[in-house]
Amino acid sequence: MDHFQYCDGQLYCEKIPVAELAAKYGTPLFIYSEATLLHHLKEIQSAFAAVNPVICYSVKSNGNLSIAKLMVDHGAGCDVTSGGELYRALKAGTPGNRIVFAGVGKSDDEMRMALEAGVLLFDVESEAELHVLGEVAKSIGKVAPVALRVNPALPPKTHVKTDTSVKGTKFGFDIDTVLEVAQGVVGHPGLSVVGLHMHLGSPILSSQPYSEGSAKAIVLIDALRKQGHPIEYLNMGGGFGIHYRKQEALPAKAFADVILPAVHQTGCRLVLEPGRFIVGNAGVLISRVVFTKESGGKRFIIQDAGMNDLIRPTLYDSFHRIWPVQPQAGLPTPPIDFESEIPDTFAQDVVGPVCESGDFLAKDRRLPLLKRGDLICTFSAGAYGMSMASNYNARVRAAEVLVTGDTARLIRRRETFDDLIAPEVDCLS
Ligand code: LLP
């Protein structure tokens, strides 16, 4: 479900024509729908309501302060993975006891910062980290609340670059050795092992991995408690998939059905770290056609968004639906089955202005013929779009707008050339 719909031949975000926003704020432009954001947060809150979970919005998916704040104002906490994300979460007003901190390479400074903030959990990923965290905590007179992040060694379930729970990834403790490590920190004065963490990967389109992961979690929690660790939290991470091609994603309830039994059985408080599920379909990337060309037997649509704005197609060969904002009369409007033959369309590559052959939003995609100035929409770009954007080719990063009904608010201005060089020190003049 989302609030990007075609009406009278053009795309709207909630009650505002997207073309109006593009004219006002320029392109490339990320547009988010508040109603869609809140709908998805609420879907998770309702699906898991029976166990009153701590839902920590994953800031890495989209860390814009206004979006994080919206989440916090509606009952979410934050999942962070760096000092910078912790800073964002705190700036957004997240209470420390609703923040969880994951990541394989936390620095001492980041640990101190999170201890001072009073985070709910450190999702600890290695024995070395556990010992350093214990020392850092002791040195400032604190006890670090720890959830041991376990890699449950499940079969592959998503793109190899984002699958975190197959054997041999850098994430978490090996499931075979975690208990041995845990035994070694029973009674540690700087550590309190109060949770188990399992983020399985992202995006996941089946509930099966959560079912298998939860089953393993039940066994581990029991064993950790027998060692004397007061396990209170089961953190099942994020990773719930969304609709990128058609209606392929599961509702939150499907994940709840397989996770809740483990929560009931262990009596733990459930923590979740969803990012994409909340913000993915709540955002689009709007760009404008600069040129079209035919070359080497192919047709190209060259538009003004590049891999620096949305790197997912380049990095993971990800599929994002793409369609004109104001399609010519006679063309269908989404929902369209993009994998079927669409009349009056031609296979085209949608590419950006960046100097790399890998700079594309889509390859051999059936699209109508477009002309210079036409606006196109890349859907499902709310998660891991702006948060992975860069200044490569000295391109300024896009603006971001949040729409609420018939109101649009700029939540990040377009960068300027001065922004590009602001941190640099000209030591030669
Ligand atoms: N928790 C942890 C520990 C994570 O590592 C992640 C994502 C999440 C939660 C949130 O996952 P989500 O609910 O958003 O699926 N750049 C990739 C995705 C990388 C995900 C990294 N970790 C992409 O564009 O698909």
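So which residue, out of Arg397, Arg372, Arg288, gets the largest mean-square fluctuation from a GNM of the chain using Cα contacts under 10 Å as springs?
Result for the chain, Cα springs under 10 Å: Arg372 fluctuates most.
Cα centroid distance between the stretch 39-88 and the stretch 337-352, in Å?
Comparing the Cα centres of the stretch 39-88 and the stretch 337-352, I get a distance of 35 Å.
Among the listed pairs Lys106/Lys167; Lys15/Lys253; Lys60/Lys371; Lys167/Lys253, give every one whose C-alpha distance is greater than 26 Å. Intermediate values should be presented prior to the final figure.
Details: Lys106/Lys167 22 Å; Lys15/Lys253 29 Å; Lys60/Lys371 35 Å; Lys167/Lys253 28 Å.
Where the Cα-Cα span goes over 26 Å, the pairs concerned are Lys15/Lys253; Lys60/Lys371; Lys167/Lys253.
Name the residue, out of Asp374, Asp406, Asp349, whose mean-square fluctuation peaks in a Gaussian network model built on the chain with Cα pairs under 10 Å.
Comparing Asp374, Asp406, Asp349 in a Gaussian network model of the chain, the most mobile one is Asp406.
Take the alpha carbon atoms of the chain, find their radius of gyration, then divide it by 2.2 N^0.38 Å using N residues; give the quotient. Each step should come with its number before you reach the end.
Working: Rg = 22.8 Å, N = 429, 2.2 N^0.38 = 22.0 Å.
Its radius of gyration relative to the 2.2 N^0.38 Å reference: 1.03.
Hey, how many Å between the Cα centroid of the stretch 389-411 and the Cα centroid of the stretch 135-151?
37 Å
Once the dipole of the chain is set up with Lys and Arg at +1 and Asp and Glu at -1 on Cβ about the Cα centre, which of Ala76, Gln208, Gly190 lies farthest towards its positive end?
Selected residue: Ala76.
Given the options Gly118, Gly77, Gly105, state which has the largest fluctuation in a GNM of the chain using a 10 Å cut-off (strictly under) for Cα springs.
Gly105
Rule-based calculations on the coordinates, nothing more; no lab input. These numbers were taken from a predicted model, which means no experiment stands behind them. So basically every Cβ, Gly included, is an ideal-geometry build from the backbone, and we count neighbours across all protein chains shown.
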